[in-house]
There are 2 protein chains.
Amino acid sequence: MAITVVGSVAFDTVETPSGRKERCLAGAATYFSLAASFFTDVRIIAVVGEDFGPTEQAVFDAHKIDTTGIQHAPGKTFFWQGSYLENLNEARTLQTDLNVFAGFEPKIPSAYRDSQFLFLANIDPVLQRRVRETTPQAKLVAGDTMNYWIKDHKAALLEVLRGLDILLINDTETRMLAGNSNLVLAARAVMEMGPRMLVVKHGEYGATLFHKATPGAPESRTFKTPAFPLEQVTDPTGAGDSFAGGFFGYLASQRELTPGAFRRAMFYGSVMGSFTVERFGTERLQQLTREEIDHRFKLFRELTHLD
Amino acid sequence: MAITVVGSVAFDTVETPSGRKERCLAGAATYFSLAASFFTDVRIIAVVGEDFGPTEQAVFDAHKIDTTGIQHAPGKTFFWQGSYLENLNEARTLQTDLNVFAGFEPKIPSAYRDSQFLFLANIDPVLQRRVRETTPQAKLVAGDTMNYWIKDHKAALLEVLRGLDILLINDTETRMLAGNSNLVLAARAVMEMGPRMLVVKHGEYGATLFHKATPGAPESRTFKTPAFPLEQVTDPTGAGDSFAGGFFGYLASQRELTPGAFRRAMFYGSVMGSFTVERFGTERLQQLTREEIDHRFKLFRELTHLD
């Protein structure tokens, strides 16, 4: 089944202990689309400027990503510059130029209307909500957010959460959103806000899938995936978006959304995140093969399974 | 097979967001012994003062822990006071009274001489080494240490590491000991110092078992266990020592130390740590049953396994 994703396409300049890279093709929707494209058809909604040319377009085309929903606006593409020199786990933002993204009005092409899987990448919750409301056919809706929206746009975010099946956020954001330092209690509180599942990302420690308890299904279905132990993390940018792409892409490829499918989706999410950070920007995703993905999935199993 | 453990027996006064508890029976060797006693015979080497009475002795006796090696010295037992009010993941030490521990000279009772499993809990590496040298029969030797010894007593610690099969330390200590911020590379560097296996503890994120690569066995045997998602962490003290007790106790109970035995030992370690933090001090370990342990082991499997 096809996924529609709405979010940012950007150019990033990044410095990490491994070096510096100028204007990598990046943005949450780019990472997500590339990662998900290994599993299913992906349709992207975003806005780019005049500096987005045939080279960038070719990256999406090579992965058969439908870019009908990418609007081309006068001006420059969203630009972000960050540094991981002090802390590989958290970027220090050096510059953010919203550029054409400042006036982004997501429009859903009619060809996207039958997408049953919708992913709302990390953008203004007002836009997330608008996209959600105009895709009533979606049978599984997942989304991402960040501390900025939790802190300063909570009311709008809470509206979005009511329309989500699955929210993907990190530890700190979960605790912040719930106002509870215990992760289990915080996760439960966040699920009371709407989503029936929560994927909490722990960075280098993997991720946890929480389910809302129902009479027929106790909460013990919590599932954990580790992160792959990597000898070199070149650029952590996009790990979470790639996780989301692998996770949601795998789900969309399944005929039935069984509990086992969600567990495997967590593994595929972790696998895709682990590839992304091996090189700058989306370089690694651009060159990845399905064989490499399946091989690493197998290593994840060995990493965690008793037998 | 019996384990001999050398380390501290102490009284702890602890304050956490859940409350305050005065003079809990604690100390690394106490947590370790109690946790390991569910799996195998345990023999302890430690020193206590005159305030260690029949009540404390009864705790060891109830778990059939051999206390022949506990020396009774004039004065008071080692006392530690700490607070987790600011950070549940890291204690702030408010008071440390070494008391009788200051003059501790470990003596190995002759009845302990046939112990083939030796655990050197976190004490002065000079003492760890002395105990190691006087137990040449030990076929599997594991040990723990802490940042203090890594920073200020590194030479003595390096001598200990040469005599260890397995070292158990946390993330920060691994990076500090190796001088490398990448955990995989740091783990490899630490194993070059002696131990052929390294258990890196990640606190609320579980633990990773690293193996030294050999021609016949690639390093990919790395194994991860999560921590159990708990709704309330009452007192984190002793989680690592309890992990060590579960891990090493399970190994000592096995006829053969297969790769599968090490994986299950990681799970049992995590299980024992998760029980300990549910109550203050060793309270939870004192009341635990083997049935509860095996039930939680099963939950750990569900938490991580695809099928």
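Does A:Glu302 qualify as being more than 11 Å from chain B (Cβ to nearest Cβ) and assigned to a helix (DSSP H, G or I)? So A:Glu302 does not fit the description; no. Provide a single number: the residues in the range A:31-42 that are touching an Asp or Glu at 6+ places or on another chain (Cβ under 8 Å) and surrounded by fewer than 22 Cβ atoms within 10 Å (Cβ to Cβ). So the count comes out to 1.
The one condition from (1) outside any helix (DSSP H, G or I); (2) of a type outside the set (A, V, I, L, M); (3) within 13 Å of chain B (Cβ to nearest Cβ); (4) closer than 30 Å to A:Gln286 by Cβ that A:Asp235 does not meet is (3). Selection of the range B:64-78 for residues being more than 20 Å from B:Pro125 (Cα to Cα) and touching a residue at least 40 places away in the same chain (Cβ under 8 Å) yields B:Asp66, B:Thr68, B:Thr77.
Residues that are open to solvent by 10 Å² or more (accessible area, probe 1.4 Å) and modelled with pLDDT of 90 or more were ranked within the range B:198-221; the one that is nearest to the other protein chains (Cβ to nearest Cβ) is B:Tyr205.
Of all residues in the range B:144-166 being in contact with a helix residue (DSSP H, G or I) (Cβ under 8 Å, 6 or more places away or on another chain) and under 21 Å from B:Glu90 (Cα atoms), which is surrounded by the most Cβ atoms within 10 Å (Cβ to Cβ)? Across the range B:144-166, the extreme among qualifying residues is B:Asp144.
Among the residues of the range A:182-197, the ones that are open to solvent by 40 Å² or more (accessible area, probe 1.4 Å) and more than 18 Å from B:Asn89 (Cβ to Cβ) come to 4 in all.
In the set (1) within 14 Å of chain A (Cβ to nearest Cβ); (2) closer than 29 Å to A:Ser18 by Cβ, the condition left unmet by B:Glu173 is number (1). For the range B:295-307, taking the residues that are without any contact (Cβ under 8 Å) to a residue 12 or more places away in the chain and open to solvent by less than 60 Å² (accessible area, probe 1.4 Å), the one that is farthest from B:Ala62 (Cα to Cα) is identified as B:Leu306. The set of residues in the range A:271-289 that are open to solvent by 10 Å² or more (accessible area, probe 1.4 Å) and within 13 Å of chain B (Cβ to nearest Cβ) comprises A:Val277, A:Glu278.
Hey, could you check the range A:239-269 for residues that are under 24 Å from B:Asn182 (Cα atoms) and open to solvent by 10 Å² or more (accessible area, probe 1.4 Å) and say which is nearest to the other protein chains (Cβ to nearest Cβ)? Per the criteria, the residue is A:Tyr268. Number of residues in the range B:1-24 that are buried (at least 22 other Cβ atoms within 10 Å of the Cβ) and out of contact with any Lys or Arg (no Cβ under 6 Å at 6 or more places or on another chain): the value is 8.
The values are calculated or read from the model by the stated rules, or taken from the named source; none is laboratory data. This structure is a prediction, so every number in the text was calculated from the model and none was measured. Here Cβ is always computed from backbone atoms with ideal geometry, including for glycine, and neighbour counts include all displayed protein chains. Each accessible area value is taken on the protein alone, full model and side chains, heavy atoms only, with ligands, DNA and RNA left out. Shrake-Rupley method; radii C 1.70, N 1.55, O 1.52, S 1.80 Å.
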